[in-house]
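Participant: Handing you a structure now.
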Amino acid sequence: MTFKLPAIDYLALAPMLVLFGAACAGVLVDALVPREWRYHVQVPLSLVALLASGGFVVALANRKEHVVTAGSAVVIDGPGLFLQGSIVVLGIVALFLVAERRLEPGGAFVAQAAVVAGSEADRKQMRKPGVTEVYPMMLFALAGMMLFCSANDLLTMFVALEVFSLPLYLLCALARRRRLLSQEAAVKYFLLGAFASAFFLYGVAMIYGYAGKVDFRGINEAVLGSSNSKTLLLIGLAMLAIGLLFKVAAVPFHVWTPDVYQGAPTPITAFMAACTKVAAFGGLLRVLYVAFERSSWDFRPTLGVIAAATMIVGAVLAVTQTDIKRLLAYSSVANAGYLLTGTLSMNRDGLKYTMFYLVAYGFTVLAAFAIVMLVRDSDGEATHLARWAGLGRRSPVFASLFTFLMLAFAGIPLTSGFTAKFGVFAAAVGGNMTWLVIIGVLSSMILAFPYLRVVVLMWLSVPGDDTPTVSVPGAFTAAALFVGVAMTLVLGVAPNQALELVNDAGAFLR
Amino acid sequence: MSKFPFLTLLVTLPLLGALILAFFPRSAGELAKRFALVWTLVVFALTVGAWLAFKAGGDRFQLKDDYPWIPQWGVRFTFEVDGIALVMVALIGLLVPLIVVASWKTVEALDGNRSVPAYFALLLALQGMMIGVFAASDVLLFYVFFEAMLVPMYFLIGSYGSHQRRQYAAVKFFLYSLVGGLFMLAAVIGLWVLGGNTFDWHTLVEAEFTTWAERWMFLGFFVAFAIKAPFFPFHTWLPDAGSAAPAPAAALLVAVMDKVGTFGILRYCLSLFPNASKYFAPLAIALALVGIIYGALLAVGQNDLKRLVSYTSIAHFGFIGIGIFAFTTQAGSGAVLYMLNHGLATGLLFLVVGFLVARRGSASIKDFGGAGKLVPWLSGVFFIAGMASLALPGTSPFVSEFLVLLGVFAVNKTVAVIATLGIVLAAAYVLWMYQRTMQGTLNPALNEVPAMKKDLSVRELAVVAPLIGLILFLGFYPKPVLDVINPAVQATFTQDLGVSDPAPKSEAKK
């Protein structure tokens, strides 16, 4: 038997190849370049790689030629390119947050997380410039996410899932402050993530048993024509869904979210909230729309219940939070519910507006975490909500920006939160999921309360002695904050261009 | 048809003014006041221009300005007014400069160092958004203004409220309105999907819906408007907000902002969902009747002047409610005229109460008593405002109340008779309020408050004089306003709703 190499369209893969290459180069930089220089090499390297990757995405999108390549393992189509582009752009903004070093000497990351905080070894470590492995890890994660959105079979998808998950587990553990919390978060994320991956893989096996194939097109054909037991298909689909829903943080697979969001270094939390969400939903969209569209009668009721539970549980638990990072974590859970509502519309609009929502939410959440990074005292970030009381009097500018972001999360018009919610809800009504829209609207009401509470705390409370100050952001954080807030406004007031983009992206290629 | 873009300017000018004021430094308080006054006078001049450009016997909708916004969703910036909207826009144009003058010393009187320019910026922003609500004829644009309007009012109550419970009141106000708004959002989305992906009011009026879809969408809009108006049992936010807000802002809240609810019922509920409106009319009339009696009874029992005035408004909105849902032109015109007159009368009452509260430093009725001896002029104005509020013949609210009762009597005698009880109760709460505060023996504590010895100042006189003049003028000669209102009301009832007035029975018998 001869083994024939599959034809590879290198240009189509270029956005990912650039990032993988730069990540490998980044590892070499860390090994070879002197410690003082690493930061100054890594940041431009990552930035250039991301920009180049984004450039290739744009070029491919302009080519308008959709291909299946690498032996039908990877598909480059409109929605895939849109998602890849989103990941790159959000990744650049997240990179700005990661690269911030002015707020804390050496940045938010620590080289040897295992060193006991406050010990002699730790003080020594403090004097040295911070760790730079985060940059290649981030690039690996980003490239994995992009592959995840454009995988054309379940095995490639699984590989991509691991490629982007493993660096994230590590990144979570590297917080300079509150190190135990950070390590706890990483272990929790890793263990639960490993379980979810196992479920996913088991699901792949089941689907293979049913369809005899792992590529989406083959599965789609098998769903229509296979005479095998449908039970196998349903079990497989359920297992796959568990793996994917874990990544999107849907109830009841969301329990890791608050702990990980709180424990991880804030730039990484922002990165996960924005980019992982895009990747996870990109994968979910492709699996449901391409491979299993024809069994939507089977999964829509179940996933609908999950979406409803996600919205309600996320909203209700957000009300009780006293820590801003945990609050944003539960808000991210609830937002996963809105995204699922859009996804389950199972029509063109569903695809379009889910993608639009992902981008809109990504920018808003990045800007929100950028401000969380800035509100700090001598012990690092002051994340407890009680500490935010009266912030509006101390720093009216940042409090105004944060208020705007909170209003965006609450879905007030003229912010991207409104246009995004309108899109997914309209798609869901069009897809006969009106009951989900009603639950979505009801949960939005509950969810408005915690956001409003933050606004009340900032503006209407008198500042206490322990109200922290808002640090002056370095250029990187300022840029991230500006981009996030500006996009939240633009996508809310004039979303025409973005809507045009998601519209032009068309449908998935089968 | 004039080419001058009146409505566009009326919406954008105040918003621009608010933006300019937002950049005023805190120290420039005096300049900010003058700027706000001049700016709102310019806006008032524009409303006068718009009133003159509007041809009373001409097309139903006039002064149309139309610009594209989000073509993908069929959203446009479409501004146009019918007679009803024009009257409300004129009311705003007239009231806001007076409120600016009335607020001259409001901010300084508050404890804590609060920004004067920010107060006037919020006031102007509110003005622009309120004009936008009445002028929009694109459903989404209406919704956007409807929701965005909450934000400045929320900060006016929360940051500049005099009350201890201002935070509670601000949050309650915001959440109540937001809940209503989200119900409306669900209905707006349904309307967009079922009405053929357009938000144009004129197109949607022509659209046909299934019975149940129409009823659900009616309820979505109706709940939002009933909360805003407010109708019983959605009213509990108003006394809190009305008593906590600074008196000038409360005047604006009750006199104009709440009219959005009744205006919305006329323009959106009745016109878009005629069959559902007929189906739910008995329910709406029942709620309105309960509101008349309940609001009046609670007003009788209040010890706080601002809360008392808030409860009288709930009773008055009941009258407007039965006027609308009686479905006769007479009652409808009466209801719209009532919206204007209530704005003038209750606005005046709230402003005068504000003068009293500012002097005494308390809104509790117990803290007054015999004050008429100290401030005879102020007491006289207070009396006129009270008389206007109980609809004494010769004041403008009498005309509207009479028209409403006349129109209702023609179709449903029971309702008219019960509603008449409200007039008796109105006499009770107004006269008793006046008696307890202004007449009788002088409360000795008042002698120790130096401010209570100062009678109406020139500035205050300038605020109340135009309002009193208009109340008396329209009380004797309401024709100019009725000429504008009648065609619009007639069109709403006969064209959109498809009901015709019952023939007068007495003539038939002859």
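Participant: Is it the case, given these coordinates, that A:LEU232 is in a helix (DSSP H, G or I) and open to solvent by 10 Å² or more (accessible area, probe 1.4 Å)?
Facilitator: It is true that A:LEU232 is in a helix (DSSP H, G or I) and open to solvent by 10 Å² or more (accessible area, probe 1.4 Å).
Participant: Okay, next question. Looking at (1) within 12 Å of another protein chain (Cβ to nearest Cβ); (2) open to solvent by 10 Å² or more (accessible area, probe 1.4 Å), which is the only condition B:PHE174 fails?
Facilitator: Every condition holds for B:PHE174 apart from (2).
Participant: Search the stretch A:351-362 for residues that are within 11 Å of A:LEU285 (Cβ to Cβ) and pair each with any residue that is of a type in the set (Phe, Trp, Tyr) and surrounded by fewer than 24 Cβ atoms within 10 Å (Cβ to Cβ) when their beta-carbon atoms are under 7 Å apart and the residues are at least 6 apart or on different chains.
Facilitator: A:LEU351/A:TYR289
Participant: Go over the candidates A:MET355, A:MET346 one by one and state the one that is part of a helix (DSSP H, G or I) and either modelled with pLDDT of 85 or more or open to solvent by less than 10 Å² (accessible area, probe 1.4 Å) (or both).
Facilitator: Exactly one of A:MET355, A:MET346 is part of a helix (DSSP H, G or I) and either modelled with pLDDT of 85 or more or open to solvent by less than 10 Å² (accessible area, probe 1.4 Å) (or both), namely A:MET355.
Participant: Give me the pairs: first residue in the stretch A:266-283 and free of Cβ contacts under 8 Å to residues at least 60 places away in the same chain and under 12 Å from A:PHE164 (Cα atoms), second residue open to solvent by 10 Å² or more (accessible area, probe 1.4 Å) and outside any helix (DSSP H, G or I), beta-carbon distance under 9 Å, and six or more apart or on different chains, which are they?
Facilitator: Nothing qualifies.
Participant: Okay, next question. Taking the condition of being of a type outside the set (Ser, Thr, Tyr), assigned to a helix (DSSP H, G or I) and open to solvent by 10 Å² or more (accessible area, probe 1.4 Å), how many residues in the stretch B:321-364 meet it?
Facilitator: Count: 8.
Participant: Kindly indicate which of A:VAL437, A:VAL456 is facing another protein chain (nearest Cβ under 8 Å) and free of Cβ contacts under 8 Å to residues at least 60 places away in the same chain.
Facilitator: Just a single option satisfies the conditions, and that option is A:VAL456.
Participant: Checking A:LEU166 against (1) modelled with pLDDT of 90 or more; (2) crowded, with 24+ Cβ neighbours inside 10 Å; (3) within 26 Å of A:VAL33 (Cβ to Cβ): exactly one of these is not met. Which one?
Facilitator: The number of the failed condition is (2).
Participant: Among the candidates A:ASP259, A:ASP215, single out the residue that is in contact (Cβ under 8 Å) with a residue 60 or more places away in the chain, at negative phi and touching a strand residue (DSSP E or B) at 6+ places or on another chain (Cβ under 8 Å).
Facilitator: Values: A:ASP259 fails: touching a strand residue (DSSP E or B) at 6+ places or on another chain (Cβ under 8 Å).
Being in contact (Cβ under 8 Å) with a residue 60 or more places away in the chain, at negative phi and touching a strand residue (DSSP E or B) at 6+ places or on another chain (Cβ under 8 Å) holds for just one of A:ASP259, A:ASP215, which is A:ASP215.
Participant: Run down A:LEU174, A:LEU180 and say which single residue is open to solvent by 40 Å² or more (accessible area, probe 1.4 Å), on the phi < 0 side of the Ramachandran plot and of a type outside the set (S, T, N, Q).
Facilitator: On the way: A:LEU174 fails: open to solvent by 40 Å² or more (accessible area, probe 1.4 Å).
Answer to the check: A:LEU180.
Participant: Please state which of the following conditions A:LEU509 fails to meet, knowing it meets all the rest: (1) within 13 Å of chain B (Cβ to nearest Cβ); (2) in contact with a His (Cβ under 7 Å, 6 or more places away or on another chain).
Facilitator: Only one criterion is unmet by A:LEU509, namely (1).
Participant: Tell me whether the stretch B:250-273 contains one or more residues that are open to solvent by 20 Å² or more (accessible area, probe 1.4 Å) and either closer than 25 Å to B:SER500 by Cβ or among the small types (Gly, Ala, Ser) (or both).
Facilitator: Just the residues of the stretch B:250-273 that are open to solvent by 20 Å² or more (accessible area, probe 1.4 Å), to begin with: none.
Within the stretch B:250-273, not a single residue is open to solvent by 20 Å² or more (accessible area, probe 1.4 Å) and either closer than 25 Å to B:SER500 by Cβ or among the small types (Gly, Ala, Ser) (or both).
Participant: Is it the case, given these coordinates, that B:PHE142 is at negative phi, touching a residue at least 60 places away in the same chain (Cβ under 8 Å) and within 10 Å of chain A (Cβ to nearest Cβ)?
Facilitator: No; evaluated as a whole, the condition is false for this residue.
Participant: How many of the residues making up the stretch A:477-506 are more than 12 Å from chain B (Cβ to nearest Cβ) and either at pLDDT below 85 or buried (at least 21 other Cβ atoms within 10 Å of the Cβ) (or both)?
Facilitator: Number satisfying all stated conditions: 9.
Participant: For the stretch B:74-100, give me the residue count where each residue is in a loop (DSSP other than H, G, I, E, B) and open to solvent by less than 10 Å² (accessible area, probe 1.4 Å).
Facilitator: Here is the first cut: in the stretch B:74-100, the residues in a loop (DSSP other than H, G, I, E, B) are B:74, B:82.
Add one more test, that the residue is open to solvent by less than 10 Å² (accessible area, probe 1.4 Å), and what stays is B:82.
Summing the residues that are in a loop (DSSP other than H, G, I, E, B) and open to solvent by less than 10 Å² (accessible area, probe 1.4 Å) in the stretch B:74-100 gives 1.
Participant: Then there is this: Scan (1) open to solvent by 10 Å² or more (accessible area, probe 1.4 Å); (2) at pLDDT 90 or above; (3) under 30 Å from B:VAL357 (Cα atoms); (4) not hydrophobic (A, V, I, L, M, F, W, C) for the single condition B:PRO233 breaks and write down its number.
Facilitator: Unmet condition: (2).
Participant: Moving to a separate point now. When only residues in the stretch B:459-499 that are within 30 Å of B:GLU206 (Cβ to Cβ) and either of a type in the set (Phe, Trp, Tyr) or outside any helix (DSSP H, G or I) (or both) count, which is modelled with the highest pLDDT?
Facilitator: Per the criteria, the residue is B:PHE493.
Participant: Same structure again: Kindly check whether there is at least one residue in the stretch B:56-73 that is open to solvent by 10 Å² or more (accessible area, probe 1.4 Å), part of a loop (DSSP other than H, G, I, E, B) and either within 14 Å of another protein chain (Cβ to nearest Cβ) or among the aromatic types (Phe, Trp, Tyr) (or both).
Facilitator: Looking for residues that are open to solvent by 10 Å² or more (accessible area, probe 1.4 Å), part of a loop (DSSP other than H, G, I, E, B) and either within 14 Å of another protein chain (Cβ to nearest Cβ) or among the aromatic types (Phe, Trp, Tyr) (or both), one finds at least one in the stretch B:56-73, hence yes.
The values are calculated or read from the model by the stated rules, or taken from the named source; none is laboratory data. The structure displayed is predicted, hence computed values, not measured ones. Because the Cβ atoms are built from the backbone with ideal geometry, glycine has one as well, and the counts that use them run over all protein chains shown. For accessibility, only protein heavy atoms count, side chains too; no ligands or nucleic acids. Shrake-Rupley method; radii C 1.70, N 1.55, O 1.52, S 1.80 Å.
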